[in-house]
Amino acid sequence: MRENPFILEPYKCKALFCDRELETKQMIDYLNNGRNVTLISPRRLGKTGLIFRVFDEIGESQKDTDCFYVDISASQSMDDFIKLLSEAVISVLGKQSKLSAFFKAIGGLRPLVTYDPMTGSPQISLTYRNEEDRELSLKGIFQYLESHPKKVVLAIDEFQQVREYAAVNMEALLRSYIQSLHNVRFIFCGSKKHTMTDIFTNAKRPFYESTTFLSLNKLDIPVYKDFIQLKFREGGRQIASDDVDQIIKWTRDHTFYTQTLCNELYFNCSEEISARDILEAEGRILAANRDRFLELQRLLTPAQWKMLTAIAKEGSVDHPTATAFIQKYRLGSGAAVSKNIKSMVEKELILVENDGQKVHYYVYNVFLSRFLETL
Ligand SMILES: Nc1ncnc2c1ncn2[C@@H]1O[C@H](COP(=O)(O)OP(=O)(O)OP(=O)(O)O)[C@@H](O)[C@H]1O
Ligand SMILES: [Mg+2]
């Protein structure tokens with residue numbers, strides 16, 4: 001059977017990746033012109049996918065460049081950061097068997113690499129005697145990349161996580177090493193807009209004005225529509241234009257959710273896709289997520305859950321503290337509503353979007369929003 005063309009991972013190949021041509025070109029142009037790039041968008045819109053799309057393009061057309069990718073979302077300390085960055089470097093160098101020079105550069109005591117038998121990905125263990133050793137190790141990695149025989153692009157995904165490291169001003173440390181590099185260009189990527197913006201635009205922070213911003217928006221609807229119809233057609237399935245509109249509308253053109261619905265629909269339908277098939281696929285997705293959503297309900301206060309449900313039923317809300325909205329859903333005092341909104345924005349349960357004219361509040365997870373609507 002032909003593989004499902006609607007991928008649920010950030011990137012597989014150009015043919016299964018919709019558009020982002022302009023962003024890909026722009027990012028490569030910035031990097032080639034010696035700029036570091038900050039890439040920001042809400043979650044699950046396609047930042048990581050875009051990074052791999054850019055890497056793919058660079059791999060094809062710029063043989064003098066090596067690309068490195070590190071996701072630091074799981075890191076809690078500078079040790080974790082060094083470990084993840086080292087593993088990212090080794091996973092590229094491993095193929096080039098230049099590991100001994102790299103070990104020399106990172107110092108530390110007895111660096112040890114093992115390879116995951118299932119995935120083949122490297123895992124490094126490092127120990128340090130003191131803080132100085134640790135900083136030297138971090139500096140060593142950057143110096144190693146600086147003297148790499150090819151140009152280097154290093155993407156650090158979920159960069160806002162450096163704010164969570166206790167006992168070290170990671171931003172200041174990184175900035176001090178990074179600013180002297182000429183051979184290494186950086187992509188700093190993150191979804192927490194507030195934190196990312198503060199890191200790169202606050203005059204009091206070390207990374208102030210050191211990068212060029214690239215913000216990722218939703219996929220262009222007509223382009224995404226064509227892509228969806230084409231992929232169904234290539235798989236021998238027909239879908240009417242109105243029905244694709246329905247898919248995009250129900251998932252709010254939010255890439256991960258649109259891909260998930262298309263993926264579900266693709267393997268569970270006949271050659272002629274009907275509006276009923278789509279409704280059933282939506283139902284299956286909500287049913288599969290139901291337990292997770294009810295678990296979330298147990299983690300929130302009743303007032304927060306009520307607030308989330310109210311926003312979902314409205315679709316989006318521009319003024320959540322407005323009397324009419326509060327009264328309609330009996331949400332309590334304006335102060336309590338403000339407090340709950342703030343806390344749920346921080347927890348990434350509510351998405352705040354500013355379209356230049358107005359601010360809109362949504363339930364962040366589109367499937368949760370559709371589930372809450374039905375309550
Ligand atoms: N251009 C695209 N074409 C097809 N599918 C895409 C595209 N971009 C993203 N996706 C889909 O959306 C999902 C989310 O993309 P990705 O993981 O890149 O988002 P992200 O912005 O990095 O999210 P997060 O902030 O949660 O890390 C992917 O798993 C994939 O299914
Ligand atoms: Mg990502």
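The values are calculated or read from the model by the stated rules, or taken from the named source; none is laboratory data. None of the values given here were measured: they were computed from a predicted structure. Quick reminder, even Gly has a Cβ in these numbers, built from the backbone with ideal geometry, and neighbours come from all protein chains shown.
Of all residues in the range 11-35, which are in a loop (DSSP other than H, G, I, E, B) and surrounded by 18 or more Cβ atoms within 10 Å (Cβ to Cβ)?
11, 17, 18, 20
Here's the yes/no breakdown for (1) over 12 Å from residue 156 (Cα atoms); (2) at pLDDT 95 or above; (3) near ligand 1 (Cβ under 8 Å from one of its atoms):
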{"position": "43", "(1), (2), (3)": "yes, yes, yes"}
{"position": "50", "(1), (2), (3)": "yes, yes, yes"}
{"position": "58", "(1), (2), (3)": "yes, yes, no"}
{"position": "76", "(1), (2), (3)": "yes, yes, no"}
{"position": "81", "(1), (2), (3)": "no, yes, no"}
{"position": "90", "(1), (2), (3)": "yes, no, no"}
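Yes or no: residue 66 in the same structural domain as residue 159 (by TED's automatic domain parsing) and away from ligand 2 (no atom under 16 Å from the Cβ)?
yes
Can you pull out every residue in the range 36-60 that is more than 11 Å from ligand 2 (Cβ to nearest atom), of a type in the set (A, V, I, L, M) and not in a strand (DSSP E or B)?
Correct list: 54, 58.
Name the residues in the range 183-210 that are away from ligand 1 (no atom under 16 Å from the Cβ), more than 22 Å from residue 82 (Cβ to Cβ) and touching a residue at least 40 places away in the same chain (Cβ under 8 Å), would you?
Correct list: 200 only.
In the range 190-206, what residues are more than 27 Å from residue 92 (Cα to Cα), assigned to a loop (DSSP other than H, G, I, E, B) and of a type in the set (S, T, N, Q)?
Within the range 190-206, 202 is the sole residue that qualifies.
Looking only at helices (runs of 4 or more DSSP H) that fall completely inside the range 289-375, which ones have 2 or more residues that are closer than 22 Å to residue 248 by Cα?
Details: elements: 302-314, 323-329, 334-346, 366-373.
Once the helices (runs of 4 or more DSSP H) in the range 289-375 are filtered for at least 2 residues that are closer than 22 Å to residue 248 by Cα, what remains is 302-314, 366-373.
Pick from 303, 288, 310, 324: which is modelled with pLDDT of 95 or more and crowded, with 18+ Cβ neighbours inside 10 Å?
That would be 310, the only listed residue that is modelled with pLDDT of 95 or more and crowded, with 18+ Cβ neighbours inside 10 Å.
Tell me, which strands (runs of 3 or more DSSP E) lie completely within the range 77-189 with 1 or more residues that are within 16 Å of ligand 2 (Cβ to nearest atom)?
Correct list: 151-157.
Could you list all residues from the range 57-81 that are within 21 Å of the chain's Cα centre (by Cα) and of a type in the set (A, V, I, L, M)?
Of everything in the range 57-81, those that are within 21 Å of the chain's Cα centre (by Cα) and of a type in the set (A, V, I, L, M) turn out to be 58, 70, 72, 74.
Residue 246 passes all but one of (1) assigned to a helix (DSSP H, G or I); (2) farther than 16 Å from residue 5 by Cα; (3) in contact with a Leu (Cβ under 7 Å, 6 or more places away or on another chain); which number fails?
(3)
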